[in-house]
Every structure is written in structure tokens, then in C-alpha cells.
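**Q** Here's a structure for you.
The values are calculated or read from the model by the stated rules, or taken from the named source; none is laboratory data. The model shown is predicted, which means the values in this text are computed figures rather than measured ones. Please note: Cβ atoms are built from the backbone with ideal geometry, for glycine as well, and neighbour counts cover all protein chains shown.
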Amino acid sequence: MAEEETLLHQLFDDEKLTDKQKKIILAAIDIFSEKGYAATSTSEIAKMAGVAEGTIFKHYKTKKTLLISIVTPLMTRIVGPFIVKDFHKVLDEPYDNVEDFLRATIENRRDVFKKLLPVIKILIQEIPFQPELREQFVEQIAKKTYEQILGIIENYQEKGQLIDIPPPSIVRFAVTSIFGYLISRYIFFPNSDWNDELESELTIQFILRGVGTN
């Protein structure tokens, strides 16, 4: 939580927001992440932020404007760069074994989920319904890692560690499995009795049983 707050305060400094705007955005992030955009009212945000509802509309004409004003700078200045740059710790490391690469990927993405969980919740909830957010996600995150991941997959295929099917299919299978685990772990069932080490290994073995050669 402390690291997440530091990242958000960095954003506030860059954006030169007023104290009231900071309170509004923090309150909106909390409520949007817990209840979703559609189920959240501006009066709830105002109450949590300790401001009049009219203050929200003074800075943000509509609730959607508030949502976009939160997610856009988060995506471009914090979430996108943090997710992409942090993932390069894995992508730029030459793992000889695809199993080690998958293990490092899961650990890296798990750390991101823990550090940016409220923001990630908003993105997962709203990207399917907000074209602007979907475009930003593709531009800021997906495009910046996809080609490199394809190259890594092709390298493991050349080594004979992955089956000979189109690399985009392998990426899709792996991403679906890894994020299915992480979303279940941190969003759908966070209070379940999770054994993260075991779940990581099971996820890896599930992926390799489908696309591995051994």
C-alpha cells in the first residue's frame, strides 16, 4: 500500500492537482475499485473526499470525465510505464528454460497486482465498456511488450521447448492462464486460503501440458 500511495503522490505532483482534486481522485479510485464505475454515485465520492458534490462537477463535468481523468494519467505516467518497465526485468533476462521464464513472469505480475490493485480493478472492470480506456491500454501496455514476448516464444520454439503452433496462440493461452489465476487470487477470491507457490507451479504445468514439448 505504501508503494502504491507513493506512485499516486508522484502523479499528483506531476499533474499539479489541488488538495481537493487529490481527495476526489483518491476517493473515486477507492469506490470505483470496490463498487465499479456504474454503481458509484458522485455523492458517494464527495462524501468520502469530504467535499461538496458541486466541487466534483466544478473540476469534472461528468462522472465519466472524472473516470477518464483518473485513468488517463495513471495509464500514461504510472500504470503503463510501471507495468512495462517492471516486466522488462523478466523480458530482458535470458532464461534458458521456458519453465523458469513462466515462473518469473508469474512472480513479476503478482507483484504488480499487489502494488496497484485498486487501479488494476478499475481497468479490468471498465476497459470492456470504455473504448477510450481500451485504446490507451493497447497503446501504453500491450503494444510495448507484445512483439518482444512473441520473439521470446519463437526462441523457445527453436530450442524445441514449445510446440510448433503460431506464437500468438501460445501467448494467448499463457496470458489467459496466468491472469486467470491472478484475477481469481486478488479480485474474485482474495480471502480464500491460497498457497501461492503451489498455484504458480500448477499454472506453469497447466500451460506446459498444452504447449510444452516434454
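**Q** Can you tell me how many residues in segment 131-151 are among the hydrophobic types (A, V, I, L, M, F, W, C), under 18 Å from Asp100 (Cβ atoms) and surrounded by fewer than 18 Cβ atoms within 10 Å (Cβ to Cβ)?
**A** Residues meeting the conditions: 0.
**Q** With the requirement that a residue be polar (S, T, N, Q), more than 17 Å from the chain's Cα centre (by Cα) and assigned to a helix (DSSP H, G or I), what does segment 127-182 give you?
**A** Those that are polar (S, T, N, Q), more than 17 Å from the chain's Cα centre (by Cα) and assigned to a helix (DSSP H, G or I): Gln148, Asn155, Gln157, Ser169.
**Q** So, Leu102, is that one outside any loop (DSSP other than H, G, I, E, B), at pLDDT 90 or above, more than 14 Å from the chain's Cα centre (by Cα) and of a type outside the set (Gly, Ala, Ser) or not?
**A** On the way: outside any loop (DSSP other than H, G, I, E, B): yes; at pLDDT 90 or above: yes; more than 14 Å from the chain's Cα centre (by Cα): yes; of a type outside the set (Gly, Ala, Ser): yes.
Considered against the rule, which asks whether it is outside any loop (DSSP other than H, G, I, E, B), at pLDDT 90 or above, more than 14 Å from the chain's Cα centre (by Cα) and of a type outside the set (Gly, Ala, Ser), Leu102 comes out as yes.
**Q** Out of all the residues in segment 31-47, which are surrounded by 15 or more Cβ atoms within 10 Å (Cβ to Cβ) and hydrophobic (A, V, I, L, M, F, W, C)? Walk me through it before giving the result.
**A** In the first step, residues of segment 31-47 are kept if they are surrounded by 15 or more Cβ atoms within 10 Å (Cβ to Cβ); the result is 31-33, 37, 40, 42, 44-46.
Correct list: Ile31, Phe32, Ile45, Ala46.
**Q** Please go through segment 35-58 and pick out each residue that is of a type outside the set (Gly, Ala, Ser) and in contact (Cβ under 8 Å) with a residue 40 or more places away in the chain.
**A** Tyr37
**Q** Report whether or not Phe57 is surrounded by 16 or more Cβ atoms within 10 Å (Cβ to Cβ) and more than 22 Å from Gln136 (Cα to Cα).
**A** Values: surrounded by 16 or more Cβ atoms within 10 Å (Cβ to Cβ): no; more than 22 Å from Gln136 (Cα to Cα): yes.
Answer is no for this residue.
**Q** Any idea which residue in segment 87-103 is farthest from Glu197 (Cα to Cα), counting only those that are out of contact with any strand residue (DSSP E or B) (no Cβ under 7 Å at 6 or more places or on another chain) and buried (at least 16 other Cβ atoms within 10 Å of the Cβ)?
**A** Only one residue tops the list, namely Leu91.
**Q** Also: For Arg185, all conditions in the list (1) charged (D, E, K, R); (2) part of a helix (DSSP H, G or I); (3) surrounded by fewer than 14 Cβ atoms within 10 Å (Cβ to Cβ) hold save one; what is the number of the exception?
**A** Unmet condition: (3).
**Q** If you check Ala28 against the conditions, is it surrounded by 13 or more Cβ atoms within 10 Å (Cβ to Cβ) and either modelled with pLDDT of 80 or more or assigned to a helix (DSSP H, G or I) (or both)?
**A** Criteria met by Ala28.
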